[in-house]
Amino acid sequence: MIFICVLLIVFLVKLSLRPSNFPPGPRGVPLLGFAPFLPKNEPFFRVIQKMAEKYGPVTGFYLGPFLPFISVDGKKAVKEALHNNDLNGRPSGTLLKSRTFGEKLGLVLVDGDFWQEQRRFTLRHLRDLGFGKTSIEDQMVDEISDLISDITEAAKSDPDHVVDFKAIFTVSVFNSLWTIIGGKRFQRDDPAFKQLLANVDLFLRGGNIAQVVIPVPAFLVRLFPSLPSRLGLKDELFVPIQQFIEESIDEHVATRSKGDAARDFIDVYLDEMEKQLENDSTFTKKQLIASIQDLFTAGSDTSSGTIGFAVLSMINYPSIQQKMREELENVCGDSLPSLAHRASLPFTDAFITEVMRMSSVAPLGIPHLAMKETQLLGFTIPKGSIVSVHLNSMLQDTETWGDPANFRPERHLDFNGKLIKSEVFVPFGIGKRICLGESLARNTVFLFTAALAKTFEFKSLPNKPPPTLEPTIGFVSGPQPFKAVVVRLVH
């Protein structure tokens, strides 16, 4: 009995030992590591920030007995991490794969040759279809016009002109994206469509990056199907989303003929699947569903969230809202702002840049994986480590921005009033893993925000403080539901 106790103690001590030159960080407890102490009611990027203040820019701890978790904070560490190709992998535990048919599929949580082939194909053909180009502007203008009409009617229907902005931008942004992917747009009041978008929102707001990478054996997920949801990965929300995508694919298959020009991304992908039928191909129906799912969830929510933060910032800073509107009226006259106006709207662009800097809807981006043992700021990062990179620390860097807690669009303008492009402004990431939707997101946020600022005045509710700029907690950040007084301007 004593021998068994000694062996157990030795075993626990060995588990508590860290690799040589491992980054400093909290110890946790044997077998479970730091997992029991992960806060549930605080944004994880703020947890990383506090760890950096205590332990330094590269912090290490364990989730369970065998999974190293590395948090990276600060300008120097973030840059080095994102330019280190050894850290370009993605985690692929049982919990994460539960959202993609139990396989490592899609665009976001894949790596290696599979990721490079799929990303290259997706980016090339989305660009051909107008992704991030001015050619998609006409489709966005239709969505913007519908959104303006909806907000106008909502304001008219209330005696105090109060409008509820909960999820109001998501439909518009998704339609802009789905026109490229699936070749159609949906009615704003379609209940089934709105429920799909609500599912996406529930998924993105309900998770914690550190919890979902915890290594959980597959047999436990089979025994306890609710386990992913309990750990913050509500994969059941994806069932109707995947059904919607699969039905759209089946509809495309049924309505296309051989030799027809591709109507959208689904057609392009189906063409590639047919070309590679004889090969051991990565182009499959499941991969197409997973890719669209990633574009769907990442693309529409982050852009609509940024537009929501833009409106909140207008309400919180009315003098800045007025200054932006004056620029828009002087440059655009009676028309809605267009991408052609953008170069002549530096303050509007600076306002949007400051919104992105302050709101940072994806403060940690997607977690990385160490593909092999590597170095980061002189520390040894073991192979298989999960690496969480705090992009927000660059956007809030005091050395760069001086007064990062203050909302000040002018910081992005030079002495001649021209927009400054800073290498520290990285809301979309840097390196090979930079967001593939950056150009579309920038254009979307600009067109929607500029049009709203020119068309409406946004104000706080009577006798109420401005709505909070504090974000929701989840995989990505978003504005909390808010209401505002909306006044349609006469042009």
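For the residue pairs K194/K483; K76/K432; K40/K286; K286/K372; K54/K75; K104/K166, alpha carbon separations beyond 23 Å are given by K40/K286; K286/K372; K104/K166. Please report how far the C-alpha centroid of segment 166-180 lies from that of segment 107-129, rounded to the nearest whole angstrom. A separation of 22 Å, based on Cα centres.
Seen against the Cα atoms of the chain and their longest principal axis, helix 346-359 is set at about 30 degrees. Karplus-based coupling profile of segment 472-479, in residue order and whole Hz: 6, 9, x, 4, 10, 8, x, x, with θ = phi - 60° in 6.51 cos²θ - 1.76 cosθ + 1.60 and x standing for Gly or Pro.
Run through the DSSP bridge list for segment 9-488 and note the antiparallel percent, rounded to the nearest 5. Once the DSSP bridges in segment 9-488 are tallied, antiparallel ones form about 85 percent.
Given Cβ point charges of +1 (Lys, Arg) and -1 (Asp, Glu) and nothing else, what value in debye, to the nearest 20, does the dipole of segment 9-488 about its Cα centre take?
1640
Taking the number of Cβ atoms within 10 Å of each Cβ as an exposure proxy, the fewest-first ranking of S257, S157, S176 is S257, S157, S176.
Protection proxy ranking for 303-312, 354-363, 401-410, using the average of other Cβ atoms within 10 Å per residue and placing the highest first: 303-312, 354-363, 401-410.
Please label the shape of segment 315-440 as rounded, prolate or oblate, based on the square roots a ≥ b ≥ c of the eigenvalues of the alpha-carbon gyration tensor (a/c under 1.5 means rounded; beyond that, a/b larger than b/c means prolate, else oblate). Since a/c reaches 1.5 and a/b is larger than b/c, the shape of segment 315-440 is classed as prolate.
Packing, taken as the mean count of other beta carbons within 10 Å per residue, orders the peptides 93-100, 414-421, 379-386 from highest to lowest as 93-100, 379-386, 414-421.
Values quoted throughout were computed directly from the atomic coordinates according to the rules given, and no laboratory measurement underlies them. Just so we're clear, the structure is a prediction, and the values are computed from it rather than from any experiment. Cβ sites come from the backbone with ideal geometry, for glycine too, and all protein chains shown count toward neighbours.
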